[in-house]
Amino acid sequence: DTEVTQTPKHLVMGMTNKKSLKCEQHMGHRAMYWYKQKAKKPPELMFVYSYEKLSINESVPSRFSPECPNSSLLNLHLHALQPEDSALYLCASSQRGGNEQYFGPGTRLTVT
Amino acid sequence: AQKVTQAQTEISVVEKEDVTLDCVYETRDTTYYLFWYKQPPSGELVFLIRRNSFDEQNEISGRYSWNFQKSTSSFNFTITASQVVDSAVYFCALSPDYKLSFGAGTTVTVRA
């Protein structure tokens, strides 16, 4: 079962709101990822968790805060976002580095 | 540093035509992995193929085939007898470990 689920599918939030994006995988993968994708652009890596530890942070602003409660779950906490943060946020997982990453359907975020 | 170049921004074909997507990469790593992903209008990135740097065998999967040539740092993708369902953005990607570097993507439109 190669499935990564993400909730919510759509999210509209104001600049003063706090919200969270959730991602789950049940493939026993030990690496999980957050990407941001703007329209007509490739995905940009934000964070990598490997064995539940943050291993890569691509200099993402602190208004984005990742959390990995266990090996199957990955959250992205959002606070005080800017309109330019509006994008598709994709979660992915892989067995380990270098393996294919399986992506979820994404959360389309709009910041007003 | 890793770099992936997909020189073709958009390709439009009529159904049943073959279409080849070019991908050229740059890396200083001796061990690396190459990928192709498909992103249909629904937005979800779908994994198509993974190749490691030591395996230059070409691969065929149904109507899809891939040509990996290390000598020219290319990993091209051909869709044979294209169908309307093949319409999507296709991304080539490169990774030494966890971090995927995507090309800009090629939008393929297959007209009935």
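Calculate one ³J(HN,Hα) per residue across the range A:83-88 by plugging θ = phi - 60° into the Karplus curve 6.51 cos²θ - 1.76 cosθ + 1.60, and present them in order as whole Hz with x for glycine and proline.
Along the range A:83-88, the couplings run x, 6, 7, 4, 5, 8 Hz.
Give me a comma-separated list of calculated 3J(HN,Hα) values for the range B:86-98, in order, Karplus coefficients 6.51, -1.76, 1.60 applied at θ = phi - 60°, integers in Hz, x for any Gly or Pro.
Per residue, the Karplus-derived 3J(HN,Hα) values read 7, 4, 4, 9, 10, 10, 9, 9, 10, 8, x, 7, 8 Hz.
Which whole-Hz ³J(HN,Hα) couplings does the range A:64-69 yield from phi under the Karplus relation 6.51 cos²θ - 1.76 cosθ + 1.60, θ = phi - 60°, glycine and proline marked x?
Ordered by residue, 3J(HN,Hα) equals 9, 10, x, 8, 10, x Hz.
Using alpha carbons only, how many angstrom separate the centre of the range A:58-95 from the centre of the range B:37-102?
That distance is 26 Å.
How big is the C-alpha Rg of the protein assembly as shown next to the rule-of-thumb value 2.2 N^0.38 Å, as a ratio?
Normalised Rg, Cα atoms only: 1.03.
Looking only at other chains, what is the average number of their beta-carbon atoms within 10 angstrom of each beta-carbon in B:98-110?
That average works out to 4.
Given charges of +1 on the Cβ of Lys and Arg and -1 on the Cβ of Asp and Glu, with all other atoms neutral, how large is the dipole of chain A about its Cα centre, in debye to the nearest 20?
Charge dipole of chain A: 280 debye, to the nearest 20.
Using modelled backbone amide H atoms (1.01 Å from N, in-plane), which distant-in-sequence or interchain residues come within less than 5 Å of A:Ser55's amide H?
A:Val48, A:Tyr49, A:Ser50
How far apart, in nm, are two points set 7 Å out from the Cα along the Cα-to-Cβ line at B:Lys70 and at A:Met27?
Each label point lies 7 Å from its Cα, and together they span 2.6 nm.
Setting aside same-chain residues fewer than 8 positions from B:Lys70, which lysines have a Cα under 19 Å from its Cα?
Output for B:Lys70: B:Lys3.
If eta is 1.567 mPa s and T is 4 °C, what Stokes-Einstein diffusion coefficient results for the range B:1-106, Kirkwood Rh from Cα pairs, in µm²/s?
93
Under 4.7 Å Cβ to Cβ, no partner at all: give me those cysteines from chain A, in residue order.
Here A:Cys68 come out as lacking a disulfide-compatible partner, given the Cβ-Cβ threshold of under 4.7 Å.
No lab work stands behind these numbers, since they all come straight from the coordinates. A quick note: this is a predicted structure, and the numbers were derived from the prediction, not measured. Because the Cβ atoms are built from the backbone with ideal geometry, glycine has one as well, and the counts that use them run over all protein chains shown.
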